[in-house]
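Here the structure comes first, spelled out in structure tokens, and everything after it is commentary.
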Amino acid sequence: MSDPLLIPEILRIVFDALETSSLVAAAVVCRTWSRVAPEVLWRSIRHTQTSEAFFALLRKHGHHVRSLDILLNNSPHSPNPTHIRLARILPDTPRLMNLTIGFSHEGTQDAWLIIFQVIKDYLAETLRSLALSLRGEAELEQTVYRFTPEDAAAFFPALRQLTRLELDILPTDNVMSTIIASLPSLVKVSFKEMPSPSAIIHDHFGDDTLYLLGQRLENLRDLTIKFNQRLTSAGFSRLASNCKTLTRLDLCQCHQLNPVGLEMLVEACPLLSSVTLNDSNAHDELLHKLATPARADGLRVLSIRRCPAITTAGIQNIVQRCSSLRELDFSGCPRVLIDVFTEFDWGCMHLSTLGFSGIHQQTLQEDDERPRRVNDQDLESMYRQLGRLTRLEELDMSALPFELRLFAIGRSTIENMRRLNKLDITERKEGVMDKEMIWLATFIPSLRTLRVDSYGVRRRLLGDLVDINSLLHIELTSSPTQGPFTFMDNASDAFDDTDESDDSEDSEYSGSSEDSEGSEDLEGSEDADDSDDAGVSEDPQDSDDSDDSGESEAIEDTEDSEDFGDSENTESSRDSEDSENKSTEDSENSNESSDPNDSADELSRHLQGTWIGSDSDTSDSSEMFTADGSDSFDSEISDASDHSEDSGSESGSGMEGVDGESGEIEDDEESDDNDDNGSDTW
Amino acid sequence: MKVTLESSDGQVFTVDKEVAELSVIIKEMLVIEQANQDHPIPLLNVGAVELAKVIEYCEHHRNDPTIDDDEDYDSRKKPIEMDDWDKQFTIVNKEMMFELILAANSMQVKPLLHLGCRYAADIVKRMSPTEIRDLFQIDDDFTPEEQDKIEWEKQWTKL
């Protein structure tokens with residue numbers, strides 16, 4: 001019998017299904033595996049470290065690289081800046097098709113020019129997709145790579161194969177016309193700007209350029225424009241006359257666009273399958289247009305976060321008629337009430353992502369009644385409706401102004417969501433209970449990400465949960481009342497305000513959550529989410545979190561204790577098994593610390609996730625690494641062990657652990673927070 | 001329309017043409033031998049036990065859309081969908097599954113091949129190299145020099 005696992009073509013498919021840490025281990029199994037694994041490992045590279053040695057390896061495996069997403073994170077004035085390293089290796093990546101470069105330092109105009117030159121000289125024939133993004137400091141300092149017309153004229157015409165262009169700036173009219181004239185085959189364009197004090201609004205490209213865009217880019221399918229303050233409905237109506245083939249449209253925070261303009265655009269593009277209009281003036285009539293019989297089946301994605309004009313009726317239109325809908329997010333639409341779940345059966349049975357955080361709010365609209373108090377029947381209806389959505393993978397039910405009673409009422413519903421991968425129940429009205437967490441970890445094996453308020457969660461419990469579901473990553477969000485953000489008090493007023501100050505204040509939410517979607521494997525970025533959330537927690541209802549928690553816990557405690565008898569037993573038995581395993585592993589490690597394979601194992605395990613770090617044996621492994629001399633990982637591993645000490649000694653008030661952990665990346669995210677604060681100027 | 005298939009050990013199976021055509025190889029053969037459909041199509045690398053199982057799979061998935069073999073397609077992002085039937089189907093021992101992978105590979109039944117490979121990947125996941133070698137009886141055929149080099153690389157491959 002020949003072994004399928006020694007046939008390269010089969011191995012390739014097997015390796016495709018492995019995550020990075022397993023691939024690293026697979027690469028050292030035997031010669032055949034070591035030849036195939038790098039092909040997969042280096043094919044698509046995201047969120048890398050930027051050490052010298054890494055770049056050397058990247059150069060070596062450059063011919064495997066198809067996609068590269070890299071953050072240049074040290075200052076261009078440092079002795080060996082990463083942009084120079086990147087510029088050196090790009091000539092050795094002959095098959096590179098998708099390139100994403102992030103800059104996190106300000107004053108990097110020269111750095112961009114060097115990179116542009118290399119891209120032009122070496123990648124012009126292969127590059128299909130180019131994204132230049134700004135993070136951290138650079139995001140604030142929008143002038144970082146504002147193209148001069150000369151730069152644009154020297155750069156863009158060379159990129160003959162380019163079909164996707166994403167920039168984190170809004171180019172000027174002049175630069176835009178160069179882009180449009182040089183790259184007529186663009187299929188996707190994205191121009192986003194972060195609302196920031198340094199944004200030069202009168203420089204944003206205007207209506208005439210938008211018209212040109214629609215006229216010249218015949219293949220355009222996917223259009224994203226964020227925070228352009230010059231575009232008006234007039235421009236979009238002219239775009240609409242040319243762009244009938246658009247399938248994806250994302251217009252966030254283009255505040256000059258009135259509802260009629262949006263409606264016209266949506267009406268003119270019958271092929272639209274993905275519509276994102278967060279923080280916009282979208283209203284029910286627009287949703288009605290999307291839900292007409294001719295179009296309802298075509299809609300796959302709809303995101304209308306924080307649209308103050310949208311009401312329950314608009315959403316009902318969508319959920320009843322758009323049977324092909326896969327993703328729906330109407331979070332933060334204050335005028336959408338819980339009735340959206342109660343009155344009709346939903347028709348969108350294929351929904352995989354649903355977000356309705358922060359709905360059912362008190363609004364300032366005069367014709368609105370005060371939202372009624374949510375009773376158990378409402379919750380039952382809500383869970384019944386959710387229970388029909390058997391394909392749900394992501395569910396965001398955070399920041400709701402009523403008690404979720406997740407375990408008491410929603411239990412069977414949640415347990416039936418066999419594909420549920422991500423659940424967000426942060427900013428809850430009632431406190432998070434241990435048994436609820438154990439329940440979620442035990443009965444929803446598909447769950448990978450659980451976001452809960454850190455308030456009241458015992459750190460020690462998290463370690464136990466890892467034993468139950470080792471793939472589960474728990475993101476703790478610091479409670480708004482404990483965070484550094486104090487605009488809670490007037491938030492209930494600001495929340496429903498339709499004026500721009502509020503919109504831009506909220507904007508970071510959408511921006512940063514989009515970012516986090518793309519950051520699966522990076523520990524840091526997951527933590528960043530936490531810190532991020534602290535800045536987002538302006539939802540009004542959380543101030544009274546602590547009051548309710550005790551009460552509801554007391555009610556449910558009695559009925560749950562017997563239910564959980566079983567699961568807790570299995571848990572503890574697993575516990576002991578695991579500790580046995582660990583001890584054998586430990587002894588192996590110490591005996592054979594010279595054996596490279598075991599350190600690979602350790603590395604893999606380290607790569608698996610943040611919470612693995614709180615395992616009791618990590619401190620051992622850190623010693624091992626030190627002994628091994630692989631100093632690069634020392635700092636990280638010892639971080640992890642510090643962290644585990646934290647959780648051990650102060651299980652009650654483990655908040656510091658979270659903060660320390662995310663400190664590394666917080667520099668980047670700080671800008672977001674600053675944005676939040678600074679946005680009042682808008 | 002029916003097609004007959006013959007396993008390496010001489011057993012003959014009759015299946016609907018559209019079922020057999022989930023195998024890229026058979027589909028191509030049928031195009032070439034259009035006129036000559038009386039003879040069974042010989043499958044020299046596939047035994048009767050595996051062929052029966054492959055056919056069972058194809059019968060169930062006869063109406064599925066085909067997997068597109070786009071080079072850009074990054075299957076690491078989007079794992080194949082597995083329904084409950086598939087889960088039942090993959091409850092077999094490792095040896096049987098490996099035979100099925102080989103059969104699916106030689107017949108080019110892409111979805112089954114991917115299903116089998118995912119089964120293998122699930123086994124490999126989170127294993128140390130030593131454990132993988134022991135389980136699959138793979139020899140460590142590195143020279144000491146290669147070993148050192150790989151070791152060095154591995155430290156930096158934290159993607």
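Values for this structure:
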{"read-out": "Residues within region B:109-145 that are part of a loop (DSSP other than H, G, I, E, B) and under 12 Å from the mean Cα position of the chain (by Cα), tallied", "value": "1"}
{"read-out": "Matching helices (runs of 4 or more DSSP H) fully within region A:14-119 where at least 2 residues are at the interface with chain B (Cβ under 8 Å from one of its Cβ atoms) and more than 22 Å from A:Asp151 (Cβ to Cβ)", "value": "A:20-26, A:31-41, A:52-60"}
{"read-out": "Selection status of B:Gln137, in contact (Cβ under 8 Å) with a residue 40 or more places away in the chain, surrounded by fewer than 17 Cβ atoms within 10 Å (Cβ to Cβ) and not charged (D, E, K, R)", "value": "no"}
{"read-out": "Hits in region A:319-348 (condition: under 22 Å from A:Glu267 (Cα atoms) and in contact with a His (Cβ under 9 Å, 6 or more places away or on another chain))", "value": "A:Ser323, A:Ser324, A:Leu325, A:Arg326"}
{"read-out": "Criterion violated by A:Glu394 - all others in (1) within 23 Å of B:Asp84 (Cβ to Cβ); (2) out of contact with any strand residue (DSSP E or B) (no Cβ under 7 Å at 6 or more places or on another chain) satisfied", "value": "(2)"}
{"read-out": "Selection within region A:298-341 - small (Gly, Ala, Ser) and surrounded by fewer than 20 Cβ atoms within 10 Å (Cβ to Cβ)", "value": "A:Gly298, A:Ala309, A:Ala313, A:Ser323, A:Ser324"}
{"read-out": "Some residue of region B:67-79 being over 21 Å from A:Trp33 (Cβ atoms) and either basic (Lys, Arg) or at pLDDT 90 or above (or both)", "value": "yes"}
{"read-out": "So A:Ala87, is it within 30 Å of B:Ala120 (Cα to Cα) and aliphatic (A, V, I, L, M)", "value": "no"}
{"read-out": "Criterion: under 20 Å from A:Ala309 (Cα atoms) and touching a helix residue (DSSP H, G or I) at 6+ places or on another chain (Cβ under 6 Å) - qualifying residue of A:Leu262, A:Leu210, A:Leu249", "value": "A:Leu262"}
{"read-out": "Any hit, region A:271-292, residues being under 21 Å from A:Arg238 (Cα atoms), surrounded by fewer than 20 Cβ atoms within 10 Å (Cβ to Cβ), without any contact (Cβ under 8 Å) to a residue 60 or more places away in the chain and more than 28 Å from the chain's Cα centre (by Cα)", "value": "yes"}
{"read-out": "Hits in region B:91-104 - residues which are within 10 Å of another protein chain (Cβ to nearest Cβ) and without any contact (Cβ under 8 Å) to a residue 40 or more places away in the chain", "value": "B:Glu95, B:Met97, B:Phe98, B:Ile101"}
{"read-out": "Per-region count, region B:36-62, residues over 19 Å from B:Met97 (Cα atoms) and either touching a residue at least 60 places away in the same chain (Cβ under 8 Å) or not in a loop (DSSP other than H, G, I, E, B) (or both)", "value": "2"}
{"read-out": "Matching residues in region A:182-198 - criterion: being assigned to a loop (DSSP other than H, G, I, E, B) and either free of Cβ contacts under 8 Å to residues at least 24 places away in the same chain or not acidic (Asp, Glu) (or both)", "value": "A:Leu183, A:Pro184, A:Ser185, A:Leu186, A:Val187, A:Met194, A:Pro195, A:Ser196, A:Pro197, A:Ser198"}
{"read-out": "Residue count for region B:105-159, restricted to those that are more than 30 Å from B:Leu44 (Cβ to Cβ), more than 7 Å from chain A (Cβ to nearest Cβ) and among the basic types (Lys, Arg)", "value": "1"}
{"read-out": "Meets criteria (within 8 Å of chain B (Cβ to nearest Cβ) and either more than 27 Å from A:Phe147 (Cβ to Cβ) or surrounded by fewer than 17 Cβ atoms within 10 Å (Cβ to Cβ) (or both)) for A:Ser2", "value": "yes"}
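Each row is one residue, and each column tells you yes or no for (1) at pLDDT below 90; (2) buried (at least 20 other Cβ atoms within 10 Å of the Cβ).
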residue	(1), (2)
A:Glu343	yes, no
A:Gly347	no, no
A:His350	no, no
A:Gly355	no, yes
A:Ile359	no, yes
A:Gln377	no, no
A:Met382	no, yes
A:Asp396	no, yes
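The values are calculated or read from the model by the stated rules, or taken from the named source; none is laboratory data. All of these numbers come straight from a predicted model, not from anything done at the bench. A quick note on method: Cβ atoms are made from the backbone with ideal geometry, for glycine too, and the neighbour counts reach across all protein chains shown.
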